[in-house]
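A short write-up of the structure that comes next.
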Amino acid sequence: MTKQARSEHTRRLLLEAAAELLHQDGYAATSMVGISQAAGVTKGGLYFHFSSKDEICAEVQGAAVRVLHEHVRRQLGVPGPALRRLAELSRALMRWLDTDPKVGASFRMAREMGSVDERFVVFSRAWLAQVRQYVADAQAGGELGADVSPEAAELLVVVTCAGLEAVVSSRIVVPDTGLAATLAKLWQLIELADRSSPRPAARGAGD
C-alpha cells in the first residue's frame, strides 16, 4: 500500500468511526479522543487529517450529502411521476437512518445542534431542498389534488420523516420493523383516514 493509499485509508477509518459515534452518542458526547480510539488511530494521526471535531463533523455531513445526490442521480434515469420519486426519497432516508451512520449522524446533529449552529443542518437542508423540488415537480405535472397545497405536501413529508426519526432515536417508540416499513405504514394509515373522511354532499342545481 502506497503512502497516499494508507493516508486515504486512515482518513476513511476516522470518518467511519466519527459517524458511528455521532450517530449513537450525539455531538456533545463524541470527542476527538473517542474517535481516534474507535478508529484505532493515534491522536496525532487524527489531528493530521482533521484539526477539530467540527471539521470532521462537516466531513461526515458532506459524505451524507453525496449519498443523497447519488440516490437522486440514479432516480433521474428511471422515468416515473414526481410523487413516486418523493415517496422513494423518503423511504431511502429511512433506510439510510437504519443502515448508514453518516446519514444518521447528520440527521441527529441537525436535531440536537441545528438551532445553535447552521453548520449542522447541511445534510438536512439538502434533503429538504430535494423534497421541495419533487413537490414542485408534482404540482407542475398535475399530480397534486386541487385541494392540496405544495406547502402542505412538503410539511407532511418532513414532519412524518423527522418525527419518526426523533421518537425512534429517543426510544420513545420502538418499532417492530425498520424505519422504511414503519413510514409506509404511517402513510397508509393517513391515506385510509383520508378515504374514510366524509365528503361534502353535491349541491343540486336549485341549491
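The values are calculated or read from the model by the stated rules, or taken from the named source; none is laboratory data. Since the model is a prediction, treat every value here as computed from it, not as a measurement. Backbone-built Cβ (ideal geometry, glycine too); neighbour counts: all protein chains shown. These area figures cover heavy atoms from the full protein model, side chains too; ligands, DNA and RNA do not enter into them. Shrake-Rupley method; radii C 1.70, N 1.55, O 1.52, S 1.80 Å.
Tallying residues that are open to solvent by less than 60 Å² (accessible area, probe 1.4 Å) and closer than 17 Å to TRP96 by Cβ within segment 1-29 yields 5.
For segment 15-60, the set of residues classified as outside any helix (DSSP H, G or I) and among the small types (Gly, Ala, Ser) consists of GLY26, ALA28, ALA29, SER31, GLY40, SER51, SER52, listed by residue number. Taken together, the residues in segment 61-82 that are open to solvent by 60 Å² or more (accessible area, probe 1.4 Å) and either within 28 Å of VAL167 (Cβ to Cβ) or part of a helix (DSSP H, G or I) (or both) amount to 6.
Applying the set (1) among the aliphatic types (A, V, I, L, M); (2) touching a helix residue (DSSP H, G or I) at 6+ places or on another chain (Cβ under 9 Å); (3) in a helix (DSSP H, G or I) to ALA5 leaves exactly one unmet item: (2).
Is it true that ARG108 is within 23 Å of GLY178 (Cβ to Cβ) and open to solvent by 50 Å² or more (accessible area, probe 1.4 Å)? Judged against the criteria, ARG108 is not a match.
Taking each residue of segment 30-54 that is over 20 Å from SER106 (Cα atoms) and open to solvent by 40 Å² or more (accessible area, probe 1.4 Å) and looking for partners that are of a type in the set (Gly, Ala, Ser) and not in a loop (DSSP other than H, G, I, E, B) with beta-carbon atoms closer than 9 Å, six or more apart or interchain, yields GLN37/ALA17; GLY40/ALA17; THR42/SER36; LYS43/SER36; GLY44/SER36; TYR47/SER36; PHE48/SER7. I'd like the full set of residues that are open to solvent by less than 70 Å² (accessible area, probe 1.4 Å), without any contact (Cβ under 8 Å) to a residue 24 or more places away in the chain and hydrophobic (A, V, I, L, M, F, W, C), limited to segment 154-167. Selection gives VAL167 alone.
Please specify each residue of segment 154-169 satisfying the condition of being closer than 19 Å to ASP25 by Cα and either hydroxyl-bearing (Ser, Thr, Tyr) or in contact with a Leu (Cβ under 8 Å, 6 or more places away or on another chain) (or both). Within segment 154-169, LEU164, GLU165, VAL168, SER169 meet the criteria.
Of everything in segment 123-173 that's modelled with pLDDT of 90 or more and not in a helix (DSSP H, G or I), which residue is farthest from ALA58 (Cα to Cα)? So, considering only residues that are modelled with pLDDT of 90 or more and not in a helix (DSSP H, G or I), the one farthest from ALA58 (Cα to Cα) is GLY142.
It is to be established whether one or more residues within segment 83-100 are farther than 23 Å from HIS23 by Cα, aliphatic (A, V, I, L, M) and open to solvent by less than 40 Å² (accessible area, probe 1.4 Å). Yes, some residue in segment 83-100 is farther than 23 Å from HIS23 by Cα, aliphatic (A, V, I, L, M) and open to solvent by less than 40 Å² (accessible area, probe 1.4 Å).
Can we say LEU144 is farther than 28 Å from ASP25 by Cβ, among the aliphatic types (A, V, I, L, M) and touching a helix residue (DSSP H, G or I) at 6+ places or on another chain (Cβ under 8 Å)? Please lay out each step first, then the result.
Numbers: farther than 28 Å from ASP25 by Cβ: yes; among the aliphatic types (A, V, I, L, M): yes; touching a helix residue (DSSP H, G or I) at 6+ places or on another chain (Cβ under 8 Å): yes.
So LEU144 fits the description; yes.
Whether any residue in segment 14-31 is within 27 Å of LEU156 (Cβ to Cβ) and in contact with a helix residue (DSSP H, G or I) (Cβ under 9 Å, 6 or more places away or on another chain) is what I want to check. The answer is yes, given that some residue of segment 14-31 is within 27 Å of LEU156 (Cβ to Cβ) and in contact with a helix residue (DSSP H, G or I) (Cβ under 9 Å, 6 or more places away or on another chain).
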